[in-house]
Amino acid sequence: MSARMTFLVAVVAVASACGPSAEEVFAKHRPAYAARRAELAEMAKLLPAPGSVTEPEEKLFLDSPPRYDEPAGRIDTEMLMEPELSDPDAGAGTDALDLRLSGELLRGLRWTGPTSPLRSFEGDPEALDRELAAGLARRWLVVTRILSHDPPVAMDAEHFEPGSARFETFVLDLPAKRVVQGFRWSAHSSDRVDFAYREGEDKQARLAAWARSDLWENSRKELFRLLTEFTNGTFVLK
């Protein structure tokens, strides 16, 4: 190895060693995330009372429509369940139909919050910095409220009683701190569910689990269909 190459390797090593630590990255972003947490708690008060949204409103025509395109990696929209808006650490609630669509913003709120689940961070601090910055850059917020949830019930190992769920979903403009759209919708179990099970497993329990998963998946798909229709945005799941 030449003296010049040795010098370059040494410079790269020093530069890497001098990068921010994970704790320094968290400290950098905590104030902004604390402010965003407080803003979301205030925005929770803007949502209308449960059951007050009766019909989908007319289609929006926005200068910058929301984007949640997972395959393309183009996302400027965060998805939350209603309890997470006022308390990001709350989750969707016990036995709730959590659509599990949240991303960088909710993770950042939880990681920098008072009850952070992270005991330590062993990943790349620079990647962490980019993720936390991406969460704060979200333009749109989609909040879904569960009105009712009747999960499917396996009657035996071959048959199940279909389930259903009713929701209200709201689209919020984060910079403007206002609700721009709201609509009520519902999702239902498929008529048929194909499922797999291993020898020795409880077949009825496996059917029940797959039927619940089917309702969950149908709910996600229906929400994305309606968001695409009513916001003129792009909503694509992997």
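Within segment 50-90, work out how many residues are touching a Pro at 6+ places or on another chain (Cβ under 7 Å) and modelled with pLDDT under 90. Residues flagged as touching a Pro at 6+ places or on another chain (Cβ under 7 Å) and modelled with pLDDT under 90 within segment 50-90 amount to 1. In summary, Arg107 fulfils each of the numbered conditions (1) closer than 26 Å to Pro65 by Cα; (2) in contact (Cβ under 8 Å) with a residue 40 or more places away in the chain with the single exception of condition (2). Reported count of residues in segment 161-203, each being under 30 Å from Arg139 (Cα atoms), surrounded by fewer than 12 Cβ atoms within 10 Å (Cβ to Cβ) and of a type outside the set (A, V, I, L, M, F, W, C), is 2.
Restricting attention to segment 39-61, the residues that are out of contact with any Ser or Thr (no Cβ under 6 Å at 6 or more places or on another chain), in a loop (DSSP other than H, G, I, E, B) and surrounded by fewer than 16 Cβ atoms within 10 Å (Cβ to Cβ) total 14.
Taking the criterion of being touching a helix residue (DSSP H, G or I) at 6+ places or on another chain (Cβ under 9 Å) and within 26 Å of Gly233 (Cα to Cα), the residues of segment 139-163 that qualify are Trp140, Leu141, Val142, Val143, Thr144, Arg145, Ile146.
Tell me yes or no: at least one residue of segment 32-45 is in contact with a Phe, Trp or Tyr (Cβ under 9 Å, 6 or more places away or on another chain) and at pLDDT 55 or above. Yes, some residue in segment 32-45 is in contact with a Phe, Trp or Tyr (Cβ under 9 Å, 6 or more places away or on another chain) and at pLDDT 55 or above.
Apart from one condition, Leu109 fits all of (1) buried (at least 18 other Cβ atoms within 10 Å of the Cβ); (2) in a strand (DSSP E or B); (3) at pLDDT 95 or above; the exception is (2). Criterion applied to Pro71, Pro117, Pro65 was being surrounded by 15 or more Cβ atoms within 10 Å (Cβ to Cβ), more than 12 Å from the chain's Cα centre (by Cα) and part of a loop (DSSP other than H, G, I, E, B), and the one residue passing it is Pro65.
The values are calculated or read from the model by the stated rules, or taken from the named source; none is laboratory data. Computed from a predicted model, the values in this text were never measured in an experiment. Reconstructed Cβ throughout: ideal geometry from the backbone, glycine too, with neighbour counts over all protein chains shown.
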